[in-house]
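Chemist: There's a structure below that I have some questions on.
The values are calculated or read from the model by the stated rules, or taken from the named source; none is laboratory data. What you see is a predicted model, and the numbers here were worked out from it, not measured in a lab. Heads up, the Cβs are rebuilt from the backbone with ideal geometry, glycines too, and the neighbour counts pull from every protein chain shown. Only protein heavy atoms, including side chains, enter the accessible area calculation; ligands, DNA and RNA are left aside. Shrake-Rupley method; radii C 1.70, N 1.55, O 1.52, S 1.80 Å.
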Amino acid sequence: MASAVAEFYRGADLFITGATGFVGVALLEKVLRCCPDVGNIYCLMRPKRGKDISSRAEEFPKNLIFEKLIEKHGKDLFKKIIPIAGEIGEENLGLSPEDRKLLQDKVQVAFHCAATLDFEANLRTTVDVNLLGTRRIVELCSGMSKLKALVHVSSAYVNSNLHVQIDEKLYPVPDDAEKIIGMVAALNDSALEELTPKVLGNHPNTYTFTKALAEHEVAKGFQKFPAVVVRPSMITCAWKEPVPGWINSKNGPSGFFMGAAKGVVRRLPVGKHLVYDYIPVDIVVNEMLVAAWHTATNKPKEMPVYHLTSSTCNPFRWASIENRIQNQLNSMPLKAAVWYPSLKLVPSLALFRLSALFVHFMPAYFFDTLTMFAGGRPILVRLHTNVSKSLVRLAPFIFQEWFFDNKKTLALHESLNSTDKEMFGLDVRPIQWGDYFEDMQAGVRRYLNNEELKTLPAARKKNKILYVLNILVQIAFLSTIWFGFSRFVGMSMASTIWLYPILYFLFNLL
């Protein structure tokens, strides 16, 4: 049976924002690999780090996500990628009149992935990029004569202020967009920062607030052209495609696994019996492609909203993989590890901060001091300081459950023919989370730490040495405390031998 979804994209010209990001590059790969007869793919890009947009576009084939594509089709398909100079945060997207006309004459399907994901970003930045950037995309799409669908990538957490089961629908706007835009334009930075908490209300940050406003910009566009909103939760590594475990984002659990594999991050604050909502990136791009096809084909009267989530159909709890984490760290160690890898789950931020003093900051100061004496650049103290700050920003999400209904997504999956269910499947119910997180750790090793499988024997040998050193350091540390206590109370170490198991017990609680 032929793929109805792939056929929809045959000859179609696409427009993608955020094409160099985690989701954008995965979308590019999927389209080129599974819809090779697609037309041109116009990617909004800006110069970065001294490279113009053409140079940046030429770097796509070097990304490891494209290995499977290149093996199957070669590099000729990359000629379909056409960079367009622009910036989501600029007026008129920074497009030249010629490029704007080109897009409005050619594009049939648009994917808006670009956004600022920084939870610490100020209201001025997030309004400009997330809210006004989306408005600029809608205005551009309004003039596209051949447009069949706009897919807007939102977030399941735009309604995280509700703290209830959240449905696949457009919720009331959190504030008047024009009022917010006018306020941002009128106030200086200090005044805006002072007023921001009042503006946000019960929204945890400027990201969720402005992304919620942006959905209503798309809804206004829906009155003129077909549009659909997809809301992924926390996007994590690939489940199946192009290879299990592929990842190029350090956000979420992959960042902690990266630090754990290097031996520098040793504690993870989570409620291990709470439900955390993770969604593989390959499911996200499948839904984007399917949602565009379905919206263009069925022409719904109301703007569709789909949740790309797992909490209500295949809930994940950290307790389910707690006993497998250490085994996987030992089976897939890093050759570049600086210390023996270990990752322990702790049930509160307070306990995390306490344990971090002993297992993060004390070793960090020690190794940074050695690095400075050796003429190197110390980084560990700064790294752990940044981790601590990021956890403050993430605090509203760490120990809170949300349940995102995804019945519409599951129904959309069931509407696909057998070929499309295989090629563009949306059903996350079969995911075995233990196996998935093992693939994630392997993917972190390969794609974030850039270590190939051939380095594994040497890495395992080094890991055994680091294990012995780790035990010796722990013994030395506890013995030093034991010795100090004995001297302080004026007793022999033999008389205070009872202290050693107590210290060991307390240390393991941290």
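Chemist: Does Leu162 fit the bill of being open to solvent by 40 Å² or more (accessible area, probe 1.4 Å) and within 23 Å of Glu302 (Cβ to Cβ)?
Modeler: When the stated conditions are applied, Leu162 passes them.
Chemist: May I pose another question? Please verify whether Val338 is modelled with pLDDT under 95 and of a type in the set (Val, Ile, Thr), treating the condition exactly as stated. Before you say what the answer is, go through the steps one by one.
Modeler: Working: modelled with pLDDT under 95: yes; of a type in the set (Val, Ile, Thr): yes.
Yes.
Chemist: Tell me whether the range 104-113 contains one or more residues that are more than 22 Å from the chain's Cα centre (by Cα) and open to solvent by less than 10 Å² (accessible area, probe 1.4 Å).
Modeler: yes
Chemist: Any idea which of Arg33, Arg10, Arg56 is among the basic types (Lys, Arg) and part of a loop (DSSP other than H, G, I, E, B)?
Modeler: Residue meeting the stated conditions: Arg10.
Chemist: Sticking with this one: Quick one: Arg324 ticks every box in (1) under 20 Å from Ala261 (Cβ atoms); (2) in contact with a Phe, Trp or Tyr (Cβ under 8 Å, 6 or more places away or on another chain); (3) outside any helix (DSSP H, G or I); (4) open to solvent by 30 Å² or more (accessible area, probe 1.4 Å) bar one, so which box is it?
Modeler: The one condition Arg324 does not meet is (3).
Chemist: Within the bounds of the range 453-465, is there any residue that is open to solvent by 60 Å² or more (accessible area, probe 1.4 Å), under 20 Å from Trp239 (Cβ atoms) and in contact (Cβ under 8 Å) with a residue 24 or more places away in the chain?
Modeler: Looking through the range 453-465, none of the residues is open to solvent by 60 Å² or more (accessible area, probe 1.4 Å), under 20 Å from Trp239 (Cβ atoms) and in contact (Cβ under 8 Å) with a residue 24 or more places away in the chain.
Chemist: So, one more: Output the residues belonging to the range 291-316 that are part of a loop (DSSP other than H, G, I, E, B) and in contact with a strand residue (DSSP E or B) (Cβ under 7 Å, 6 or more places away or on another chain).
Modeler: Kept after step one, since they are part of a loop (DSSP other than H, G, I, E, B), are these residues of the range 291-316: 299-304, 309-315.
Hits for the range 291-316 are Met303, Pro304, Thr309, Ser310, Ser311, Thr312.
Chemist: If you don't mind, another one. Lys421: of a type in the set (Lys, Arg), open to solvent by 50 Å² or more (accessible area, probe 1.4 Å), in contact (Cβ under 8 Å) with a residue 60 or more places away in the chain and assigned by the TED database to the domain that holds Glu29, yes or no?
Modeler: When the stated conditions are applied, Lys421 does not pass them.
Chemist: Test Ser415 against the criterion of being of a type in the set (S, T, N, Q) and either surrounded by 17 or more Cβ atoms within 10 Å (Cβ to Cβ) or in the same structural domain as Leu117 (by the TED database) (or both), and give yes or no.
Modeler: yes
Chemist: In the range 243-260, which residues are open to solvent by 10 Å² or more (accessible area, probe 1.4 Å) and either in contact with a helix residue (DSSP H, G or I) (Cβ under 7 Å, 6 or more places away or on another chain) or among the charged types (D, E, K, R) (or both)?
Modeler: Val243, Pro244, Asn248, Ser249, Lys250, Met258
Chemist: How about the range 330-387: which of its residues are of a type in the set (D, E, K, R), surrounded by 14 or more Cβ atoms within 10 Å (Cβ to Cβ) and not in a loop (DSSP other than H, G, I, E, B)?
Modeler: If the condition is that a residue be of a type in the set (D, E, K, R), surrounded by 14 or more Cβ atoms within 10 Å (Cβ to Cβ) and not in a loop (DSSP other than H, G, I, E, B), then Lys344, Arg353, Asp368 are the ones that fit.
Chemist: Between a first residue in the range 281-294 that is touching a residue at least 24 places away in the same chain (Cβ under 8 Å) and farther than 13 Å from Thr409 by Cα and a second residue that is open to solvent by 10 Å² or more (accessible area, probe 1.4 Å) and part of a helix (DSSP H, G or I), which pairs have beta carbons less than 6 Å apart while being 6 or more apart in sequence or on different chains?
Modeler: Sorted first by the residue in the range 281-294, then by its partner, the pairs are Trp293/Phe8.
Chemist: Another question, if that's okay. Considering only residues that are touching a strand residue (DSSP E or B) at 6+ places or on another chain (Cβ under 6 Å) and more than 25 Å from His273 (Cβ to Cβ), which ones fall in the range 362-417?
Modeler: Across the range 362-417, the qualifying residues are Lys408, Thr409.
Chemist: I need the full set of residues from the range 398-409 which are closer than 21 Å to Val230 by Cβ and open to solvent by 30 Å² or more (accessible area, probe 1.4 Å), in order please.
Modeler: Answer for the range 398-409, where residues must be closer than 21 Å to Val230 by Cβ and open to solvent by 30 Å² or more (accessible area, probe 1.4 Å): Phe403, Lys407, Lys408.
For every residue, the table says whether it meets (1) over 20 Å from Phe15 (Cβ atoms); (2) in contact (Cβ under 8 Å) with a residue 60 or more places away in the chain.
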residue: Lys62; (1), (2): yes, no
residue: Asp99; (1), (2): no, no
residue: Gln104; (1), (2): no, no
residue: Val127; (1), (2): yes, yes
residue: Arg135; (1), (2): no, yes
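Chemist: Which condition number does Val305 fail, the rest of (1) open to solvent by 50 Å² or more (accessible area, probe 1.4 Å); (2) in the same structural domain as Ser418 (by the TED database) being met?
Modeler: (1)
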